[in-house]
1. Compare the peptides 105-118, 30-43 by average per-residue count of other Cβ atoms within 10 angstrom and give them in order, highest first.
2. Leaving out ligands and nucleic acids, and using a 1.4 Å probe, what accessible area per residue does the chain come to in Å²?
3. Figure the gain on full extension for Arg45 and Arg85 (residue separation times 0.36 nm, minus the Cα-Cα span) and round it to one decimal in nm.
4. With +1 assigned to the C-beta of every Lys and Arg and -1 to the C-beta of every Asp and Glu, and no other charges, what is the dipole magnitude of the chain about the Cα centre in debye, to the nearest 20?
5. Which percent of the Cα-Cα distances in the chain go past 31 Å?
6. Sticking with the crude label model, points 7 Å out along Cα→Cβ, report the distance from Arg154 to Arg7 in nm, one decimal please.
7. Positive end of the dipole of the range 90-227, charges at C-beta (+1 Lys, Arg; -1 Asp, Glu), about the Cα centre: which of Val95, Ala158, Gln224 has its Cα farthest in that direction?
8. At a temperature of 25 °C and a viscosity of 0.890 mPa s, determine how fast the range 1-105 diffuses translationally according to Stokes-Einstein, using the Kirkwood radius over alpha-carbon pairs as Rh; express D in µm²/s, rounded to the nearest whole number.
Amino acid sequence: MPPPGYRPDSIRAAYDRWALVYDHDANPLPPLEEPPVREAVGEVRGTRVLDLGCGTGRHALWLAAAGADVTAVDFSDGMLAEARRKPGAVGIRFVVHDLHHPLPFPAGEYDLIVSGLVLEHLSDLGRFFGEARRVLRRGGRAVVSAMHPAMFLRGSQARFTDPASGATVQPGSVPHQIADFVMAALRADLRLDAISEYAPDARFASRYPRAEKYVGWPMLVVLQLGT
């Protein structure tokens, strides 16, 4: 169940504000996440890829540069505006869509789904994974990352400093467990091929100081799924 006060519209509004600083606010999760996601994705040239919750385009851009035909979805106009203005964005199809609702794509349309750091903002994991399964072709794959549920035990969830007011803003998060991710994927008839957990080390924390208090503590989980 979503926590009291959880409202998707408020999450969208917060991400519109976060978009102005998202790419340079020293959040350690994206740089921790990107290497294992890229490794899990592998070769994409000539494939049809759907990026669910693309944000400012950090995955969509490298996927397109690697030769994929990319559709990138997000519900935040602010995030998509940042993504569209970046070099390499011209060939990407950007779609404004809220992942709380069914995807506006035909069944079996995509070879690969990538979704980065989105699950904590979704109350209905069954819908997310069910729709992912529906739009994947037979033999398709999905690579889905999420902030590790153990972060909630440290009182941590997605947050940023509003550039206009200086206030700390928490868009809204649901404290799922890893079992929730796995069981929602399995119930959607996706195959679990791998699950990996990642914690920062001291070397990483020296580059991203906000990770220092989490050295040795799991910050990230990555699911590799198939049809």
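The values are calculated or read from the model by the stated rules, or taken from the named source; none is laboratory data. Please read these numbers as outputs of a predicted model, since none were measured by experiment. Note: ideal-geometry Cβ built from the backbone for every residue, glycine included; neighbour counts use all protein chains shown. Just the protein is used for accessible areas: all its heavy atoms, side chains included, with ligands, DNA and RNA removed. Shrake-Rupley method; radii C 1.70, N 1.55, O 1.52, S 1.80 Å.
1. Working: 105-118: 19.0, 30-43: 16.2.
Order by mean packing, descending: 105-118, 30-43.
2. Values: 10380 Å² over 227 residues.
So the chain comes to 46 Å² accessible per residue, rounded to a whole number.
3. Values: separation 40, 0.36 × 40 = 14.40 nm, distance 2.32 nm.
Gain on extension, Arg45 to Arg85, equals 12.1 nm.
4. Numbers: 25 positive and 26 negative charges, 36 e Å.
Its charge dipole is roughly 180 debye.
5. Values: 3786 of 25651 pairs.
Considering the chain, 15 percent of its Cα-Cα pairs are separated by more than 31 Å.
6. 3.1
7. Toward the positive end, the furthest listed residue is Gln224.
8. Values: Rh = 14.6 Å.
Roughly 168 µm²/s, to the nearest whole number.
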